[in-house]
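What follows is calculated from the coordinates using simple rules that are stated; it is not laboratory data. Remember, it's a predicted structure, so these values are computed and weren't measured experimentally. Backbone-built Cβ (ideal geometry, glycine too); neighbour counts: all protein chains shown.
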Amino acid sequence: MRVSYPLVLAISLLLAIGLTVGTVLLSRRRSAAMAAAGVTITGRRARHLGRWFSLAGVFVLAFAAAGPMATLPVARSAGTVILAMDVSNSMRATDVTPDRLTAAKEAALAFIDAQPDSVDIGVVGFDQGALTSSAAGQDRTVTKAAVESLRISGGTSLTAAILGSLSAITGRSVTIGKDGELPDLGSWSSATIVLFSDGEDSGGTDRDDDVAAAATIAQNAGVHIETVGVGTVDGTTVEVDGFRVHTALDTPRLTTIAQTTGGSYHAALDGTTLNGVASDIDLRLTVAKQPVPLAGGFSGVALALLVVGTLLTAVSTGRLV
């Protein structure tokens, strides 16, 4: 425990000590004068007890004025969250109103608004590559602007999404080795990736083995991936480079990614359910040591002591002063 204002504590204690000494001396003089006059004092014990309760209250109040603080372990939602947003051509599909990307943006913005200030949030947009649109931080204005600025571009690569998100978390480029060697990122157990995608490999180049390897890297680093499926299983058609292409939600793929890392898959069949995704995703609780002000508690104790002292004095003397 420490105090915020040591000088105030010193002055307050000196005043309290002075008040105590003065009260004791005055009490002795009064008792001697009463004894010399042959007056018998009744209720002396209660009166003394009331006086000491009041003085104790003064001392506690003096300590409270100095701003006592204690460093205590406090549970809170904390860490880093990367929103990985699919911006591939299939996200222009309208099987989710008004379209997949717009609905995903709305859900991401709702998720950002629902998070406590202690959580750092970053944004990674991905198609066949990955680009960090906003580094993880607590400035919600910057994060939301990054989400709103995302535009449709290219095919889908969930491998790029995961590796790009891990790069944003660790601050280093994360890749899979030529021989399939997986990098050791250390422990990042306070980080979570929330991946918004239809899960479809629209470019035909995102091999399942690579996706599994990327998810394993996240798992080894203790990073959970929460996947949010945007679209419908029946799907619809979109126009890509002048061709009509059918696109549908790949639930098994997104579920496998989430389960590999200890996360969960969240079904979002339309815009309404997408907006509720934020409340379904659990962030991990961490325990952090934080300074906690104790002045209020000490002031409450001081007030209680003063009230008890005043009541005891009133009972013994028949007056409040």
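When the chymotrypsin sites (Phe, Trp or Tyr not before Pro) in the stretch 51-138 are filtered for DSSP coil states and for at most 14 other beta-carbon atoms within 10 Å of their beta-carbon, no site remains.
Sort 81-87, 103-109 for me by packing, meaning the mean count of neighbouring Cβ atoms within 10 Å per residue, highest on top.
Highest-to-lowest ranking by the protection proxy: 81-87, 103-109.
In plain terms, the residue of Thr71, Thr175 with the fewest other Cβ atoms within 10 Å comes first and the most crowded comes last, giving Thr71, Thr175. Ranked by how many other Cβ atoms sit within 10 Å of their own Cβ, fewest first, the residues Thr260, Thr205 fall in the order Thr205, Thr260.
Amide hydrogen proximity for Ile82: with H placed 1.01 Å from N in the peptide plane, the residues at 5 or more positions away or on another chain lying under 5 Å are Gly122, Thr192, Ile193, Val194. In plain terms, the residue of Val124, Val292 with the fewest other Cβ atoms within 10 Å comes first and the most crowded comes last, giving Val292, Val124.
A crude spin-label estimate for the pair Leu14 and Leu72, with each label 7 Å from Cα along the Cβ direction, gives 3.2 nm.
Shown here: the stretch 75-288, whose C-alpha atoms stretch 52, 42, 26 Å along the first, second and third principal axes, sorted largest to smallest.
Listed by chain and number, the lysines whose C-alpha is less than 17 Å from the C-alpha of Lys144, apart from same-chain residues fewer than 8 away, are Lys105.
Of the peptides 179-189, 209-219, the order by per-residue mean of other Cβ atoms within 10 Å, starting with the highest, comes out as 209-219, 179-189.
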